[in-house]
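Read the structure below first, then the notes.
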Amino acid sequence: MSLPDTILLVEDDDSLRLMLRGVLEMQGFAVLEADCRRSGLEVLGTHSHVGVVLLDLGLPPSPHAPSEGLAFLRQTCDMTHPVKVIVLTGQDQESAALEAIKEGAFDFLVKPATSSAILQAVRRAFLFCHKEREMAAGGFARVQVNARISDGLKVAREEVEEKLVRHVLQETGFNVNQSALRLGLKRESIYYFLKKFGIERQDG
Amino acid sequence: MVSLYSSLILIGVTIMAVMAVLVYQARRQARVNLALLQLNERLRFDLPDLLRQSWPYLARAGVTGLSWKLDWFGTPLTRVDGVVGKDGVSRHLEAGEISLDVTLWHGRHRGEQLYFSETLAENFFLLLHVDMWIKMGGVQGAFGQAAKMELFLQHDMKNIAQFIHLAAEQLEVVKPEQEAGLLATLRAAMPTARVRADRILSALSNKTDAKNKTACPLAGAWQQAADMHGLRARIVGSATAYIAEEPLHSIIDNLLINYSEQSIWNQGHKPASLEIVLSEDEAKATATLSDIHGRPYPWPERLFEPFWSEQSKGLGIGLYQARQLAVGAGGSLEVISADDQPLVFVLNLPR
């Protein structure tokens, strides 16, 4: 029997988190909860079947600034299994939306959002998540890069290289031989990239 | 010979007379400067009032005219006192949304008279500029405080609004078989929503409710906050303070955030490794906080100054607020800054 679609709620307001959980569970989703960036990442690390994250940008220890939520987004985007993050926030719309989109948010909802808007975004995110997981099973990796056109192709290419190398190293548990095999490179090239991008085992 | 003595006496008398005139003028100027300073203080450093009321004092010092054109937060004000002549000293002064063009007129002064006139004008201009900065400092401080309150309310009130929206929508569309589930959700969520609402009201009224005070074990509170900030902390001893949880967490957060931000911004230096020593006596619970990897801090006198921050993104109010909260709870927050030693914060809270 397949698991129900699982959502992670990252929200520091206990009452709102409970309410959102109720709304989502009534629609048949399985829900996990976290109240800060660290616990959210822990849940994602131990529950790889989580497909969608509903994220509040303002999280402790800085609940009045988007920094913690944006850091969570950044770390989520580097994960090997595809996760779609929907930002649901009360932060200043203009700047927070731009930052969240830059960091790879799938959708951006402003509090207070209707439950239908939230559910619509969640269903759309799951659709994309399922398709990306199918792609990943077929050996494809979706890489997102923010490239400034004036920086030229070299910068964008290097960023893609770095993300792919990190991705494959994570997937292989930092096994250089297997990573080289998967990327069709020599082991020396992997070592070259490790040095070039400053990749260390613990940050993978 | 007689003629020589006469000449020497004449020269001496002349020098004394000149000295007497200079001393008289210098004293008169000093009196006017002092009077202007006292007037400014009486007027609570209010620039428009100082401009309006300073003329009699300036006239006493030999100034023949004063004209000024003030742009006071977009409102133009102008005035001329005395006689506008040819020889004037003008200055354009600006600070934030205040700008001033001011000219002091004096007669055809030469020599020492010109010197005294110019000195008086410069002192007067400096006084005006200081008043501008005092006003802008106050305005920026008030805006900073308002911005912080707005941020707080934005976060908490939008959460409350989101909660109410979702609850109302669910009550409208709930199916009979889901009613029990919705009731269970509301029953679980409502108490925390009420706590959140009380917190907003408390912030708006800017009061700490005495009835919320409770015996708080400090070791757990410090450890939890250090974990939240991703800081390594060694806690030695234990103590329990009698304080509401909200201000206690705010004090600890405001203290620790500086260490976590230093870790972020001072890349390349060793990350903070905190030692928190807890102790208590009959009257107070004490927490002594230091970073064993810390470096001496160059501006210890600035630490509790509101709106002073090393970081462009910081409001510079954290430690000020922490001290206010500690004092408000009947305790104190001090910093010890010894030469070549990292800072040591000492937080005393009532038991």
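The values are calculated or read from the model by the stated rules, or taken from the named source; none is laboratory data. Because the structure is predicted, anything quoted here is derived from the model rather than measured. All Cβ positions, glycine included, derive from the backbone under ideal geometry; neighbour counts span all protein chains shown.
Output the residue which, of all residues in region B:213-230 that are assigned to a helix (DSSP H, G or I), under 12 Å from B:HIS249 (Cβ atoms) and away from chain A (no Cβ under 14 Å), is nearest to the chain's Cα centre (by Cα).
My answer is B:LEU218.
Among the residues in region A:75-82, are any touching a strand residue (DSSP E or B) at 6+ places or on another chain (Cβ under 6 Å), within 10 Å of chain B (Cβ to nearest Cβ) and not basic (Lys, Arg)?
Checking region A:75-82: not a single residue is touching a strand residue (DSSP E or B) at 6+ places or on another chain (Cβ under 6 Å), within 10 Å of chain B (Cβ to nearest Cβ) and not basic (Lys, Arg).
So which residues in region A:96-118 are surrounded by fewer than 16 Cβ atoms within 10 Å (Cβ to Cβ) and touching a residue at least 12 places away in the same chain (Cβ under 8 Å)?
A:LYS102
Can you confirm whether region A:25-34 contains a residue that is free of Cβ contacts under 8 Å to residues at least 12 places away in the same chain and either in the same structural domain as A:HIS130 (by TED's automatic domain parsing) or surrounded by 18 or more Cβ atoms within 10 Å (Cβ to Cβ) (or both)?
Checked against the condition, which is being free of Cβ contacts under 8 Å to residues at least 12 places away in the same chain and either in the same structural domain as A:HIS130 (by TED's automatic domain parsing) or surrounded by 18 or more Cβ atoms within 10 Å (Cβ to Cβ) (or both), region A:25-34 yields at least one hit.
When you look at A:GLU42, is it assigned to a helix (DSSP H, G or I) and more than 21 Å from A:ILE118 (Cα to Cα), yes or no?
yes
If you take the residues of region A:1-20 that are among the charged types (D, E, K, R) and more than 7 Å from chain B (Cβ to nearest Cβ), which of them is nearest to A:ALA105 (Cα to Cα)?
Going through the qualifying residues, I end up with A:GLU11.
Residues are listed down the side, and each one gets a yes or a no for (1) part of a helix (DSSP H, G or I); (2) in contact with a Gly (Cβ under 9 Å, 6 or more places away or on another chain); (3) modelled with pLDDT under 85; (4) assigned by TED's automatic domain parsing to the domain that holds B:LEU319:
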site: B:LEU114; (1), (2), (3), (4): yes, no, yes, no
site: B:SER117; (1), (2), (3), (4): yes, yes, yes, no
site: B:PHE125; (1), (2), (3), (4): yes, no, no, no
site: B:VAL130; (1), (2), (3), (4): yes, no, no, no
site: B:PHE152; (1), (2), (3), (4): yes, no, yes, yes
site: B:ASP156; (1), (2), (3), (4): yes, yes, yes, yes
site: B:PHE163; (1), (2), (3), (4): yes, no, no, yes
site: B:GLU172; (1), (2), (3), (4): yes, no, no, yes
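Please go through region A:119-136 and give me each residue that is buried (at least 19 other Cβ atoms within 10 Å of the Cβ) and within 13 Å of chain B (Cβ to nearest Cβ), ordered by number.
none
Could you grab the pairs with beta carbons closer than 7 Å, sequence gap of 6+ or different chains, first residue in region A:146-169 and modelled with pLDDT of 85 or more, second one aromatic (Phe, Trp, Tyr)?
Between residues of region A:146-169 that are modelled with pLDDT of 85 or more and residues that are aromatic (Phe, Trp, Tyr), the close pairs are A:GLU161/A:PHE193; A:GLU162/A:PHE197; A:VAL165/A:PHE193; A:VAL165/A:PHE197.
From the list B:THR75, B:THR119, exactly one residue is more than 19 Å from B:LEU39 (Cα to Cα), more than 14 Å from chain A (Cβ to nearest Cβ) and either exposed (fewer than 15 other Cβ atoms within 10 Å of the Cβ) or of a type in the set (S, T, N, Q) (or both). Which is it?
The conditions single out B:THR75.
Report, by residue number, each residue of region A:83-95 that is facing chain B (nearest Cβ under 10 Å), buried (at least 21 other Cβ atoms within 10 Å of the Cβ) and not aliphatic (A, V, I, L, M).
A:THR89, A:GLY90, A:GLN91
Just name the residue that is farthest from the other protein chains (Cβ to nearest Cβ) out of those in region A:58-74 that are in contact (Cβ under 8 Å) with a residue 24 or more places away in the chain and outside any loop (DSSP other than H, G, I, E, B).
A:LEU73
Which of the residues spanning region B:31-51 are out of contact with any Leu (no Cβ under 9 Å at 6 or more places or on another chain), at negative phi and not aliphatic (A, V, I, L, M)?
B:ARG31, B:GLN38, B:GLU41, B:ARG42, B:ASP46
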